[in-house]
Amino acid sequence: MTDMPGLDTAGLARWLAREHPGLAGEGPLRAALIDGGRSNLTYRVDGAKTPLVLRRPPLGHALPTAHDMRREHRVVTALHGTIPVPATVDVVDDTESREVTGTVFFVMAFVEGAVLDRPARNADWTPAGLHGLGIEVAEILADLHAAEPEALGLGGFGRPDGYLARQMRTWARQLDASRSREVQALDALGTRLAAAVPDSGRAAIVHGDYRLDNMIVAGPPGSPRVAAVLDWEMATLGDPLVDLGMLGMYWHITELAGGERAAGAIVPGAGYPAFDEIVDAYAARAGTPVPDLRWYRAFACYKLAVILEGVHFRYTKGHTVGEGFDAIGALVAPLAEEGLWISDPTR
């Protein structure tokens, strides 16, 4: 059986046969690392009765409170049937037996489709189809934020009171835990945002990293659809405008210096709606106007910059798996500078 860094496929086969015999296949399992993630590791597993996906924390350096597999499994399981997410199979604490990953991991169904993580991926769909897809991305986000946590069994999933201030403290700690160099603009942005935290409105289920390349897209050329929203590791209960701010930051990330290194498929001329239209579609679906998003968009720049600084830290320690990590650190300063520009009170 083939092994991947961080995954023992022989152990996974034994676990499947023992715990989920209905999914166990007759031949060897084959695993492949799925590109796109820069945090938790995601593997496609073939050779079972149906294709599966296994998620586990990154190798080596792991920031406190990050990479919580149980939380991610819980929210994906709860949301199934409310918005498009994969069906989950199980979550396992493998830290003592070390049979499969040596960590907590979870397994879910594989969803067929494409991840639109670069401009070339747009070729399978028409500009009109991609425009409609962008509107659907906004509407799914509104549906997520409209979902009632209590009804889904997520009533205690987070602490909405003081959410934004707590987020600022959390990401400042994450930055401190990943420092390997000086990034003055990032510290300046954190100081500015912490001094101007807005008052949150109604609490909602927050994805935490909502963007097009965290989705599986399927369908014919003229009408693609979101088949699944992925990567729920930062989900909680909090201010839903954080998700809109994150979506807006990614919608324009190609405009940053070096942004092509992290660019998804959203580029001029492809057909995607402008972000203002995304906000209007979200507001129409939610039935409520959207307030000024400048703080939230600047916070998105700060949060992603801190995440990428953590990835850069792990890369320098040799604790990353896959390609493209060597360029990640170069995006941190441009993101921080973009956040400073967005949040500049004089403009």
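Using equal-weight Cα scatterers in the Debye expression, the normalised intensity of segment 215-347 in log10 at q = 0.17, 0.23 Å⁻¹ is -1.12, -1.55.
For the ranges 166-177, 332-343, what's the packing order if you count other beta-carbon atoms within 10 Å of each residue, average per peptide, and put the highest first? Numbers along the way, then the final one.
Details: 166-177: 16.9, 332-343: 21.8.
Sorting 166-177, 332-343 by mean packing, highest first, produces 332-343, 166-177.
Here the extension length gained between Asp124 and Met4 equals 40.2 nm, from 0.36 nm per residue of separation less the Cα-Cα distance.
Per-residue packing, averaged as other Cβ atoms within 10 Å, sorts the ranges 242-251, 143-152, 274-283 into the order 242-251, 274-283, 143-152, beginning with the highest. The angle separating the long axis of helix 69-79 from the principal Cα axis of greatest extent in the chain is about 80 degrees.
Computed FRET efficiency, Cβ-Cβ of Thr316 and Arg173, R0 25 Å: what is it to the nearest 0.05?
Values: r = 20 Å, r/R0 = 0.78.
It comes to 0.80.
The residues packed around Pro221, meaning those with a beta-carbon under 14 Å from its beta-carbon, carry a net charge of +1 if Lys and Arg are +1 and Asp and Glu are -1.
Based on the alpha-carbon gyration tensor of segment 56-183 and its eigenvalue square roots a ≥ b ≥ c, which shape applies: rounded if a/c is under 1.5, prolate if not and a/b is larger than b/c, or oblate?
Working: a/c = 1.36, a/b = 1.32, b/c = 1.03.
It comes out rounded by the Cα gyration axes.
To the nearest 10 degrees, how steeply does helix 127-146 sit against the main Cα axis of the chain, on a 0 to 90 scale? Rounded to the nearest ten degrees, it is 90.
Here, each number is a calculation from the coordinates, and none is a lab measurement. Being a predicted model, the structure only gives us computed values, none of them experimental. Please note: Cβ atoms are built from the backbone with ideal geometry, for glycine as well, and neighbour counts cover all protein chains shown.
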